[in-house]
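Notes for the one structure printed next.
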Amino acid sequence: MIEVLIFATLNGLVTGLLLFMLASGLTLIFSMMGVLNFAHASFYMLGAYFAYSISLYTGFWPALIIAPILVGLVGALVERYGLRRVHKSGHVAELIFTFGLAFLIEEAVQFFWGRSTMNYRSPDILNFPLFTLFGQNFPAYKAFMIFISVSIFIGLYYVLTRTRIGIIIQAAITHPNTVANLGHNVPFIFMAVFGAGSGLAGLAGVIAGPVLTTFPGMAVVLGSIVFVIVVIGGLGSLGGALVASLLIGLLQSYAIASNLGMPDLLNLLGVSFASDHPLNDIWRLTLPQIAPILPFLLLVLVLIFRPSGLFGKRES
Amino acid sequence: MLRKSIVWIVFAIVLLVLPQIFTSIFSISIFTQMTIAIVFALSYNMLLGQGGMLSFGHAVYFGLGGFLAVHALMMIENEEMMFSVTLIPLVGGLFGLIAALFIGSFSTHKAGTVFAMISLGMGELIAASSLILVSFFGGEAGVSGDRTYGPPFFGYDFAQGIEVYYLAAAWMFVATLCMYLFTQTPAGRMANAVRDNPERAEFIGYSARRVRFISFAMAGFFAGIAGGLFAVNYEILTEENLNAASSGRVLLMAYIGGLGFFIGPIVGAIVLTLINSLLSNYTTLWMLYLGILFVLTVMFLPRGLTGFLMMHRVPWHLGKLRLLAVPYTLTSMPGAVFLLGLVAMIEMSHASGSEFVYLGIALNPDGYGSWAFLLAVTGVAFYVLRLTLPRLRDAWSEANTITRKPDHAAKESGGQS
């Protein structure tokens with residue numbers, strides 16, 4: 001029991017921190033431009049595919065640096081030539097634009113790399129079990145993922161709160177006109193933040209690609225979950241995004257690891273149903289089965305009872 | 001009033017005559033798909049275009065209605081119930097309505113991002129649950145029925161595609177008429193008011209939430225009708241019909257067609273169905289083209305294809321439409337060459353084998369010569385296209401300015417600028 005708990009926690013931590021790398025960029029972009037970027041997870045996918053193609057020539061480590069930068073550039077171009085143009089048509093048009101972009105990137109990925117799964121592997125140097133607990137191995141690569149995510153979080157926190165750039169960005173979120181009057185190029189800041197957020201998503205893709213497999217559907221798999229996190233955490237709140245990421249990561253990981261379900265609950269209550277009962281499917285549900293829908297259930301509940309999210313400010 | 005009735009009568013006649021002109025089974029199947037898509041896209045426009053509610057989970061009502069319709073078909077087949085297949089879409093509509101009443105009771109508190117997120121969450125939730133609740137949704141394989149078991153309707157048993165087309169067209173005509181009339185009711189008008197300014201609407205004394213709830217329920221009802229028509233046509237429903245991809249497709253249809261006009265989603269549904277069924281015969285990359293079309297539409301034609309056509313209303317009223325004819329021709333010729341060249345390069349990069357025939361020209365995907373040729377043609381076309389643009393821009397502004405007959409023109413174009 002205890003080893004299941006420990007490994008579920010570790011795996012949940014890996015997933016949660018990975019989700020945070022996506023969610024942090026998304027929530028930063030939202031607080032700046034008021035746009036929920038549907039294509040954010042597509043940048044994550046692009047990161048994995050770029051890294052795969054680069055690693056064919058140079059190996060994993062240069063790809064770890066180059067791929068996120070390339071994705072960041074793509075993101076900046078999208079903001080400069082796409083989003084900025086659509087901005088004047090209103091928020092709905094912006095949302096729909098990013099939605100179309102997500103669709104387009106998925107098709108483009110299939111165009112360039114095909115529909116099959118890429119053979120993108122973690123570097124050999126990290127292919128060893130870091131420690132063995134109760135006879136189960138914990139791969140070093142997962143520890144590496146935790147290390148990267150945590151250092152990104154610390155770096156992001158440091159940049160946003162302790163440096164001049166961070167202060168300008170924070171000011172540009174709340175008072176863009178004043179910042180512009182002080183002589184800063186606000187549209188450029190927007191573009192840079194969009195690019196940096198996309199780059200972070202790309203980095204998440206680079207390190208997640210070998211573990212979660214690199215295939216054209218990987219953006220769809222993660223995309224809506226990242227949305228769920230940003231909304232649950234409270235739109236625009238970085239701290240909320242961290243808490244919600246870990247919450248969702250751990251929740252899913254525990255649900256998958258547990259073997260509890262409705263049969264156990266019914267046994268506990270002393271109720272039983274015949275196997276031809278019309279709701280038979282419900283009486284046989286198990287937690288691992290409903291793990292994929294738990295985030296969405298949480299999302300709907302949070303939106304009904306606390307529309308501003310766990311850490312969000314009150315809606316104006 | 002008379003002019004409007006004429007439009008509807010012409011619409012009905014077109015629906016009646018179409019399958020008599022294009023008689024092949026393939027084209028009739030496309031027409032049936034179109035009618036279903038039109039009902040679905042129009043119901044979506046009740047949310048987004050008229051109510052200002054951006055939904056990412058509208059396929060839920062289409063799918064739930066469709067699933068119940070298939071179950072109704074199975075009940076007819078097993079002789080547990082006895083009613084005509086012609087009423088199946090109504091079954092779907094009622095179930096879509098019930099689902100929308102339930103989900104709308106908590107999702108219509110707010111429009112905007114909150115609504116969009118709840119619709120996304122509900123969409124994912126129901127799509128994922130449909131794979132778990134196997135007895136109703138049939139899991140991965142879906143559920144299927146047979147439409148020919150019901151009592152014959154005036155001698156028709158709907159075994160033929162054309163009979164299904166007429167059934168779908170009749171339902172589509174009625175549904176379209178109802179949706180149009182809904183926009184003219186106080187509820188439909190208030191939906192527009194709440195979309196544009198919920199605060200003002202509340203100050204007049206209307207509950208913005210209730211107005212949204214009514215639109216939402218109606219949209220669910222008509223989406224369910226579309227789902228029921230789908231069930232009658234295909235006799236099978238799977239998880240694919242209610243997942244996020246389907247919800248995205250209907251958004252695409254309504255947006256490409258044009259949200260601001262009643263006819264917009266109809267145009268979008270027709271265009272997208274044509275792309276879907278015709279383009280996919282020629283190329284495996286049609287989804288890529290669709291994505292490009294969508295992104296370009298959002299960027300350059302925010303009011304959709306219908307909005308683009310409607311832009312010509314002012315020149316039309318000023319009697320200056322012919323000023324645009326020559327510049328349009330001049331721009332569209334290099335434009336077409338440019339697009340064809342791009343498509344040729346995209347297709348050639350995916351061509352298998354050493355020969356690739358495009359528009360009767362044999363190209364060699366492995367040789368540099370073909371690539372250089374295509375690049376040159378496309379590049380020159382792009383350059384010429386750029387050269388023609390200033391003339392088009394001048395003609396456009398000229399066509400939209402009032403010069404001659406100031407009194408008449410001002411009267412005609414009044415309130416349109």
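The values are calculated or read from the model by the stated rules, or taken from the named source; none is laboratory data. Only a predicted model underlies this, so the values are computations on that prediction, with no experimental measurement involved. Cβ: placed from backbone, ideal geometry, glycine included. Neighbour counts: every protein chain shown. Side chains are part of the model used for accessible areas, which takes the heavy atoms of the whole protein and leaves out ligands, DNA and RNA. Shrake-Rupley method; radii C 1.70, N 1.55, O 1.52, S 1.80 Å.
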At least 2 residues that are over 19 Å from A:Ile96 (Cβ atoms) in each: list the helices (runs of 4 or more DSSP H) lying fully within region B:251-366 that qualify. B:264-274, B:304-310, B:313-317, B:325-349
Out of all the residues in region B:234-250, is one or more in a helix (DSSP H, G or I), open to solvent by 10 Å² or more (accessible area, probe 1.4 Å) and more than 30 Å from B:Met74 (Cα to Cα)? no
Which of the residues that make up region B:122-138 are without any contact (Cβ under 8 Å) to a residue 40 or more places away in the chain, open to solvent by less than 70 Å² (accessible area, probe 1.4 Å) and not polar (S, T, N, Q)? B:Leu125, B:Ala128, B:Ile132, B:Leu133
Condition check for A:Gly100: closer than 30 Å to B:Thr284 by Cα, within 14 Å of chain B (Cβ to nearest Cβ) and under 23 Å from the mean Cα position of the chain (by Cα): yes
Filter region A:272-297 down to residues that are facing another protein chain (nearest Cβ under 7 Å) and open to solvent by 60 Å² or more (accessible area, probe 1.4 Å) and give me whichever is modelled with the lowest pLDDT. A:Gln289
Looking only at region A:188-212, count every residue that is farther than 19 Å from A:Pro68 by Cβ and surrounded by 15 or more Cβ atoms within 10 Å (Cβ to Cβ) and tell me the total. 2
Of B:Gly123, B:Gly96, B:Gly92, the only residue that is within 23 Å of the chain's Cα centre (by Cα) and within 10 Å of another protein chain (Cβ to nearest Cβ) is B:Gly123
Return only the number of the condition from (1) open to solvent by 50 Å² or more (accessible area, probe 1.4 Å); (2) closer than 24 Å to B:Ser246 by Cα that B:Ala111 does not satisfy. (1)
Across region B:190-229, which residue is surrounded by the most Cβ atoms within 10 Å (Cβ to Cβ) among those that are touching a residue at least 40 places away in the same chain (Cβ under 8 Å) and among the charged types (D, E, K, R)? B:Arg212
Does region B:285-306 contain at least one residue that is in contact with a helix residue (DSSP H, G or I) (Cβ under 6 Å, 6 or more places away or on another chain), more than 26 Å from B:Ser119 (Cβ to Cβ) and open to solvent by 10 Å² or more (accessible area, probe 1.4 Å)? yes
Name the helices (runs of 4 or more DSSP H) wholly inside region A:67-184 in which the number of residues that are among the hydroxyl-bearing types (Ser, Thr, Tyr) and touching a residue at least 40 places away in the same chain (Cβ under 8 Å) is 1 or more. A:91-113, A:140-162
Return the only residue of A:Ser31, A:Ser42 being open to solvent by 30 Å² or more (accessible area, probe 1.4 Å) and either within 14 Å of chain B (Cβ to nearest Cβ) or among the small types (Gly, Ala, Ser) (or both). A:Ser31
Residue that is farthest from the other protein chains (Cβ to nearest Cβ), among those in region A:224-238 that are surrounded by fewer than 24 Cβ atoms within 10 Å (Cβ to Cβ) and small (Gly, Ala, Ser): A:Ser237
For region B:51-78, how many residues meet the condition of being assigned to a loop (DSSP other than H, G, I, E, B) and surrounded by 24 or more Cβ atoms within 10 Å (Cβ to Cβ)? 6
